[in-house]
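**Student:** This structure is in structure tokens; I'll ask about it shortly.
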Amino acid sequence: MQFKLLNFHKFVANFATSLVGTFIPLMIYKTTGNIRLAVLFLFGQSLFRMIGNHLFKKSYSKKPQLMLILRVIPLLIYNISLIFLEDFMVVGIIIISISYGISVSIKNNANGVLLNYSSQKKSQKNLTFTRVVDALSAIVAAIAGGIFIDWNQTVLIIFSISLYLISVAPLFIYYLSNRKKKGFNKDFTSNAAILYDKEPELKEKRKGIVRYYLLQYFIFYSVFCVIDNFTNMYTLHLFISVPTFAKAGYLTAMFQVANLLGVLSINTITKKFDLKTANTICGIICAIPLGIIPFIQNNTVVYILFFIFGFTYAICSFFMMNSLMTKCKIVGCTNRTLLTRQDGIVTGQLVNPIIVMIFGTITPVFFVMVGALIVYAIYTFVVEDKLRERLVDYLQNNEIETSGGSRRKRTSKPKTTPTTKVKVNVDTKVESKGTTEKGVETKSKEEKKETVEKSKTTDSKSDTITKTTATTKKAVADGEKETVKKATEKKVSDK
């Protein structure tokens, strides 16, 4: 139920806020005539997004529905500030940057956490659906906003705020009705993670893999999201010579249409390519339009380049989010990684505004974006395999990594515990190391037995402890769709 309410909110809210939000840099440039002040907004809102990420971190995880209601406050502030921008200029831009940054921080973090809470069984399917909803609402808003923003800005702002309140009301009612239920607004943790936490050696290994995941997904997003400002930068570059909001709206809509088609083609693409390979290819192709578009004058070619960029961008973005959601659910750190992801996004988005403020021109940022995409494509291709290997080792539990980086077999004697069966109910697909065979389950392949003799007791009993550790048959793959079954099984028999 919450997943349906979330997508209703996202569709209506994205439409409502994008009517004005999409064009803020252009509105500032139109009012001030200063390109540095226009990108000052982009820099400031990214900076305050990061501050908002950490300021409300606990609230995003515990009360995301309430945070979405409170988002109306910064929405009101920056929309009203836009109306009086001519009277305040620099002070107005700073106020708009702060309130807009906090607003986007609430949106991205709360929506991401709610998607996690409502997608424990069908993460890839739900991720595809919610990306479609995002794209559809952005397409409609970009076209409508571009047409009507010149007509009456005040009426458009009032309409936007009213529509947002309507969108969030059902989620807030759902929160009030369910907030006292056990397990409500709790992060997903696999049974394997719970069991392994009971053994100190495995608990430390789990902490190590969590730290590694947080670092790598931060790097993924901070490098990739250097290109997130492309639409803003190019439409601003265009607006300087052709000051019309409508064309900026059409280009943004073209990007979102391509983004939508890219998401819808995921299943078709993964039938021919491993998603990791598709991500690398798309990352390199995505760099092509960025490097040549500043020099293209033909409108048709510009629209085609926007389409290529939007389509390939969708594949790369989906790859990262799908990889994050499936792997981190198994380890039990999804919320932490989602919040770290937001820090990575903001870090990447800070790069281009700084370059423009230093050089006073937009053209250099396109070449920086090209370089970032090439680095991203190569880095993710290499590191994704390491993410899989670490997860497989974690599930197999037959190797422990030493502080020096080498590996050694587990030698510590396991504790005697009652018979425990663990099922990792995660919507994921796995495949064995070095292969590309697609599967839907993990089965026990071989058994390792260790017998420990207990010291003789007064009644001369001896205990034989048999520990059966499942070795995963297949490692985690990108298409991760179904269920990891029978990850760990322990048996104790007394003689």
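The values are calculated or read from the model by the stated rules, or taken from the named source; none is laboratory data. Since the structure is predicted, the reported quantities are computational estimates derived from the model, not experimental observations. Note: ideal-geometry Cβ built from the backbone for every residue, glycine included; neighbour counts use all protein chains shown. Heavy atoms of the whole protein, side chains included, go into the accessibility calculation; ligands, DNA and RNA do not. Shrake-Rupley method; radii C 1.70, N 1.55, O 1.52, S 1.80 Å.
**Student:** Inspect the stretch 119-137 for any residue being part of a helix (DSSP H, G or I), at pLDDT 70 or above, more than 18 Å from the chain's Cα centre (by Cα) and within 25 Å of Leu324 (Cβ to Cβ) and give the result as yes or no.
**Tutor:** Yes, that holds for at least one residue.
**Student:** Determine, yes or no, whether Leu75 is open to solvent by 10 Å² or more (accessible area, probe 1.4 Å) and among the hydrophobic types (A, V, I, L, M, F, W, C).
**Tutor:** It is false that Leu75 is open to solvent by 10 Å² or more (accessible area, probe 1.4 Å) and among the hydrophobic types (A, V, I, L, M, F, W, C).
**Student:** While we're on this one: For the stretch 315-324, name all the residues that are of a type in the set (Gly, Ala, Ser) and open to solvent by less than 10 Å² (accessible area, probe 1.4 Å).
**Tutor:** Ser323
**Student:** Here's a check for you: in the stretch 325-336, which residue that is assigned to a helix (DSSP H, G or I) and surrounded by fewer than 24 Cβ atoms within 10 Å (Cβ to Cβ) is modelled with the lowest pLDDT?
**Tutor:** Checked the stretch 325-336; the qualifying residue modelled with the lowest pLDDT is Asn335.
**Student:** Separate question: Condition first: open to solvent by 20 Å² or more (accessible area, probe 1.4 Å) and assigned to a helix (DSSP H, G or I). Can you find one or more residues in the stretch 20-29 that meet it?
**Tutor:** Yes, the stretch 20-29 contains a residue that is open to solvent by 20 Å² or more (accessible area, probe 1.4 Å) and assigned to a helix (DSSP H, G or I).
**Student:** If you don't mind, another one. Collect the residues in the stretch 14-34 that are at pLDDT 85 or above and farther than 17 Å from Thr244 by Cβ, keeping them in residue-number order.
**Tutor:** Result: Thr32, Asn34.
**Student:** Here's something else I'd like to know. Considering only the stretch 258-278, I want to know if a residue exists there that is of a type in the set (D, E, K, R), in contact with a strand residue (DSSP E or B) (Cβ under 7 Å, 6 or more places away or on another chain) and in contact (Cβ under 8 Å) with a residue 60 or more places away in the chain.
**Tutor:** No, there is no match, as no residue in the stretch 258-278 is of a type in the set (D, E, K, R), in contact with a strand residue (DSSP E or B) (Cβ under 7 Å, 6 or more places away or on another chain) and in contact (Cβ under 8 Å) with a residue 60 or more places away in the chain.
**Student:** Which ones in the stretch 345-379 are under 22 Å from Pro25 (Cα atoms) and either in contact with a strand residue (DSSP E or B) (Cβ under 8 Å, 6 or more places away or on another chain) or open to solvent by less than 10 Å² (accessible area, probe 1.4 Å) (or both)?
**Tutor:** If the condition is that a residue be under 22 Å from Pro25 (Cα atoms) and either in contact with a strand residue (DSSP E or B) (Cβ under 8 Å, 6 or more places away or on another chain) or open to solvent by less than 10 Å² (accessible area, probe 1.4 Å) (or both), then Val346, Gly348, Asn352, Pro353, Val356, Ile362, Val365, Phe366, Met369 are the ones that fit.
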